[in-house]
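Since the structure comes first, as structure tokens, the remarks are kept for the end.
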Amino acid sequence: MNSGHEKHSLELLWAPWRMKYIMAGEHPSECVFCIKSSSDADKENHVLCRCRTCFAILNRFPYNNGHILVAPYEHTADLDGLTDEQLLDIMRLLRDCEKALAKSMSPDGFNVGLNLGSAAGAGIKGHIHFHIVPRWRGDTNFMTVTGRAKVIPQSLEETYDILHEALSAQMR
């Protein structure tokens, strides 16, 4: 049934939303954070929350369900380009996002961080942004380890509704 040759073949995983990311290339002509933050179509753009100097948005190409990005409205590439007020607002919003994720999705932990520059893995290197990724015990399964594929079991729209409600409730 399974020859040694077959065990090295890849199974296909249907993930049509990834094609937009692949086709966009590494250098989009416009900053996605500037575009999304200047639009008033928050639900369509998956903007979860807006504060005075920053906003939270779902990552369209998440590492895990509930992967949130927190960015300033100001287009700047590094921490030195942010004011003290912006830095404080970003940290507060990261805290609020962590609380909303904990309450609504019950993860076992979080990865929180930022990548500065392309050598550090920044996909959008011109506009600083923090990542908050909820993690669950066992969320790295055989698909990730052997198939080099990640299964995201919930749509962005469902995740948006859950997290938008949680953030709105706690920020009232």
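The values are calculated or read from the model by the stated rules, or taken from the named source; none is laboratory data. Just so you know, these numbers come straight off a predicted model, no measurement behind them. Here Cβ is always computed from backbone atoms with ideal geometry, including for glycine, and neighbour counts include all displayed protein chains.
Considering each residue of region 53-96, count those that are hydroxyl-bearing (S, T, Y) and touching a Cys at 6+ places or on another chain (Cβ under 6 Å), and give that number.
0
Residues being aromatic (F, W, Y) and touching a Ser or Thr at 6+ places or on another chain (Cβ under 6 Å): count how many of those fall in region 63-109.
Qualifying residue count, region 63-109: 1.
Could you pull out the residue among G138, G117 that is under 24 Å from C31 (Cα atoms), loosely packed, with under 12 Cβ neighbours inside 10 Å and modelled with pLDDT under 90?
G117
Identify all residues within region 141-172 that are at pLDDT 70 or above, more than 19 Å from D89 (Cβ to Cβ), part of a helix (DSSP H, G or I) and hydroxyl-bearing (S, T, Y); write none if there are none.
T159, Y160, listed by residue number.
What pairs can you find where one residue is in region 73-101 and within 9 Å of C54 (Cβ to Cβ), the other is surrounded by 14 or more Cβ atoms within 10 Å (Cβ to Cβ) and among the small types (G, A, S), and their Cβ atoms are less than 6 Å apart, with a gap of 6+ or different chains?
Cβ pairs passing all conditions: Y73/S37; L93/A56.
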